[in-house]
Each structure stands twice: as structure tokens, then as C-alpha cells.
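What follows is a single structure, written as C-alpha cells, with notes after it.
Each value in this text was obtained by applying a stated rule to the coordinates, not by laboratory testing. Being a predicted model, the structure only gives us computed values, none of them experimental. Backbone-built Cβ (ideal geometry, glycine too); neighbour counts: all protein chains shown.
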């Protein structure tokens, strides 16, 4: 699976549904995050130190994926089809487009919180 920033934020902030995301990660044999999502996590969780984020990634056995040209092609597609100015109800932002690219280029489902990706064609873990 590809893990979106939103799922990790839910876990680390202990949001009401955090347990569903942690369980999904625990039950998956393949756990990946885009390097762009890890940076986004550092930005979103300003109160959390990078070592805390790195510890979470290591503890959960999450492999960090480099953003490559295949991710970029899919991210561009996501922006055209589902981006904020596309007219799609998904309204994906920059980071969303990159994680969409990671999921689509690897053929792995996406673990995410919210309804933005639900308006796209990316396979969902939950």
C-alpha cells in the first residue's frame, strides 16, 4: 500500500478514527510512503520533531519511495483530471497529486483519510 500523509496525521494526532489507519498499516505486508508525503508530514505536524516522524516510519516498517518520472507522469494526469482547477470535486493539491502518482505508478492501493481521493480512480485500501 501507499500511505498518504492524512492517514499518518490521523494516527499521530490520535484523531477519532486513527485506529482504523494503524490497523490497515499493521495488516499490510507492503508499506510505502512517497518522499514528498514524508516532507508534507513534517510541514503539517509542525509540533512533531522530525525524529518522531522518522521513528514512526521506522517502527511501522514503511519504505520511502523516491519521486521518479513515472510518479511525475501520473501526478500530472492527476492535476489535469482531479486538481483544484480541473472542475473535479476531488480538488487535489500538489502533495495529493504526487501521492496519487506514487499509487498509480506502483499499482498499489492508497491509504488516505478524507473524501478527496474518493473522487478519483485511485484504488483505496479502506
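Here is how the numbers come out for the structure above:
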| quantity | calculated |
| --- | --- |
| Neighbour-count order for 57, 3, 64, 43, fewest beta carbons within 10 angstrom listed first | 43, 64, 57, 3 |
| Interatomic Cα distance distribution for the range 1-73, bins of 10 angstrom, percent | 19, 55, 23, 2 |
| Angle in degrees between helix 69-82 and the longest Cα principal axis of the chain, rounded to the nearest 10 | 70 |
| Within the chain, helix-based [θ] at 222 nm, where runs of 4 or more DSSP H residues each add -39,500 (n - 2.57), nearest 500 | -15500 deg cm²/dmol |
| In degrees, nearest ten, helix 94-106 long axis to first principal axis of the chain (Cα) | 90 |
| Neighbour-count order for 11, 2, fewest beta carbons within 10 angstrom listed first | 11, 2 |
| Full-stretch length increase - residue 80, residue 56 - with 0.36 nm per residue and alpha-carbon distance subtracted | 5.3 nm |
| On Cα atoms only, tilt of 50-59 relative to the major axis of the chain in degrees | 90 |
| Residue 73/residue 17 FRET efficiency (R0 25 Å; Cβ-Cβ; nearest 0.05) | 0.20 |
